[in-house]
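Student: Below is the structure I would like to discuss, written out as structure tokens.
The numbers here are math on the coordinates, done by the rules we state, and not lab data. Just so you know, these numbers come straight off a predicted model, no measurement behind them. Every residue, glycine as well, gets a Cβ built from its backbone with ideal geometry; the counts of neighbours run over all protein chains shown.
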Amino acid sequence: MTDPTRDPRFLQDPYPAYAALRSVCPVQPVPDGSGGRPGYLVTGHAEARQALGDARLSKDTAAFFAGKESGRRLHPAVAHTMLATDPPQHTRLRKLVTREFTTGAVEALRPFIARTAEELLDDWPVGERLDFVTGLALPLPVVVICELLGVPHADRGEVRGLSAQLFSAGDPDAVDAASHALADYMTGLIAAKRLAPGNALLDRLIVARDADDGLSEEELCSLAVLLLLAGHETTTNLLGTAVLALLEHPRELDRLRRRPEEIPAALDELLRYDSPVATATFRYTTQALTLGGCDIPAGVPVGIALGAANRDPERFASPDRLDLDRDAAAHLAFGHGIHRCLGAALAKTEADIALRAVLTRFPGLRLAVPPDQLEWRRTRLVRGLAALPVST
């Protein structure tokens, strides 16, 4: 069948296409975009939650593409991260960093996050137009994850640029080049830290690697790259889509401005309403299975549309309506199961702090262009704004 997600209007508003797919069947065959290779797309909430936790859906990208000519030259540190592994390898790698992202560990970062947000907002002009993405949504999470990992201040601009290039889906050659540049940078940083150790997360991973060889050198580099990318990508998109949703719903915006203590609870609904990760990372069937009444053969890709699942009327009444009183805790924006986003608590803490600061300091914040003129990032994997022009 024709894949409606390839409609040019999809980037602007994917939800009508998702609804059209889901109205036929919550799981159905579509071209998956990997060179036209057929796959299946999951758009229902119950089916997505089941698929995210189903061990018959493997994330072992290397195994799936072994012997297949893809034409891509992504560096292995980017192509084969922890996200592209199954247990027991995934379990071993995730265990090494889980303690760094617990609620307690994230709360310890709150003063640094708040100080960084205020410093960024100090540069905002009053009564003028600016880009919310470059002014706060991108630099805040980049600075935070770089601080956590121990990336030197002088390198953070370079890291930010390479990350942005890596997600420029319209230019595969640029993406491939960025993957190698980022892996080379991380390899150099690891070498530098071995000569002059610090006390950041990357230093502790190096100790784990060198002390008991529980981590290969390739895994060390790949894990560092993944933490850097995943540590800010979701949060940048979340901040942009959350602010846009509030600016388009003045009543809800005013409510949170008057009662900022409600922001943490409101974040689940904002995540549900416009998921910062549109489609979960690559999975394929290791054996034939039935999902949502659809028979899926072995050895085919299965895309799980988190954004579609979060707008499923079978799970959320009036799903296209932003309702800050809704219990939206069952959203799948951070995934589900053993691969659920490791940095979910950090992302929500950063969003809480950033929204409080913006709404307090800039009560007149408003969109500077009509919503239909906004530029969205040209990728079906994440749902994020390339720019969000606002007036202060």
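Student: What distance in nm lies between label points placed 7 Å from Cα along the C-beta direction at C294 and A154?
Tutor: 5.2 nm
Student: A follow-up question, please. Got a sec? Charge dipole of the chain, +1 on Cβ for Lys and Arg, -1 for Asp and Glu; which of T43, L247, I190 is way out at the positive end?
Tutor: Going by the charge dipole, the pick is T43.
Student: Output the Kirkwood hydrodynamic radius of the chain, Cα pairs only, in Å rounded to one decimal.
Tutor: 21.7 Å
Student: Ignoring trypsin sites (Lys or Arg not before Pro) that are buried or in helix or strand per DSSP, and keeping those with at most 11 other beta carbon atoms within 10 Å, what is the longest stretch of the chain between them?
Tutor: Longest stretch, sites excluded: 69-320.
Student: Using the alpha-carbon centroid of each, what span in Å lies between the stretch 342-373 and the stretch 277-318?
Tutor: Taking the Cα centre of each part, the stretch 342-373 and the stretch 277-318 sit 30 Å apart.
Student: May I ask you to list, by number, the DSSP H helices of the chain whose Cα span along the axis is at least 30 Å and whose average Kyte-Doolittle hydropathy reaches 1.0 or more?
Tutor: For the chain, where a helix must reach 30 Å along its axis and average at least 1.0, the hits are 217-247.
Student: Among L346, L74, T286, whose Cα sits farthest toward the positive end of the charge dipole of the stretch 4-391 (+1 at Cβ of Lys/Arg, -1 at Cβ of Asp/Glu, about the Cα centre)?
Tutor: Of the listed residues, the answer is T286.
Student: Here is a further query. Which of L140, T116, T91 sits closest to the plus end of the dipole of the stretch 91-157, meaning its Cα is farthest towards the positive end, when Lys and Arg get +1 and Asp and Glu get -1 on the C-beta?
Tutor: T91
Student: Run the dipole for the chain about the Cα centre, Lys and Arg Cβ at +1, Asp and Glu Cβ at -1, nothing else charged, and hand back the magnitude in debye, nearest 20.
Tutor: Dipole size: approximately 400 debye.
Student: Moving on. For the chain, with a Gaussian network of springs between Cα atoms less than 10 Å apart, report the residue from D372, D171, D320 with the top mean-square fluctuation.
Tutor: Looking only at D372, D171, D320, the largest GNM fluctuation is found for D372.
Student: Separate question: What is the dipole size for the stretch 182-340, taken about its Cα centre, with +1 at each Lys and Arg Cβ and -1 at each Asp and Glu Cβ, in debye to the nearest 20?
Tutor: Dipole magnitude for the stretch 182-340 comes out near 280 debye.
Student: Where in the chain is the longest stretch that carries no GluC sites (Glu not before Pro) classed as loop by DSSP and with at most 11 other Cβ atoms within 10 Å?
Tutor: After excluding every exposed loop site, the longest remaining stretch is 129-392.
Student: For the chain, what relative contact order do you get, as a whole percent, if you take Cα pairs closer than 8 Å and at least 6 residues apart?
Tutor: Averaging sequence separation for qualifying contacts and normalising by length gives 27 percent for the chain.
Student: Same structure again: Among residues other than A77 whose Cβ falls under 10 Å from its Cβ, what is the net charge (Lys/Arg +1, Asp/Glu -1)?
Tutor: With Lys, Arg at +1 and Asp, Glu at -1, the net is -3.
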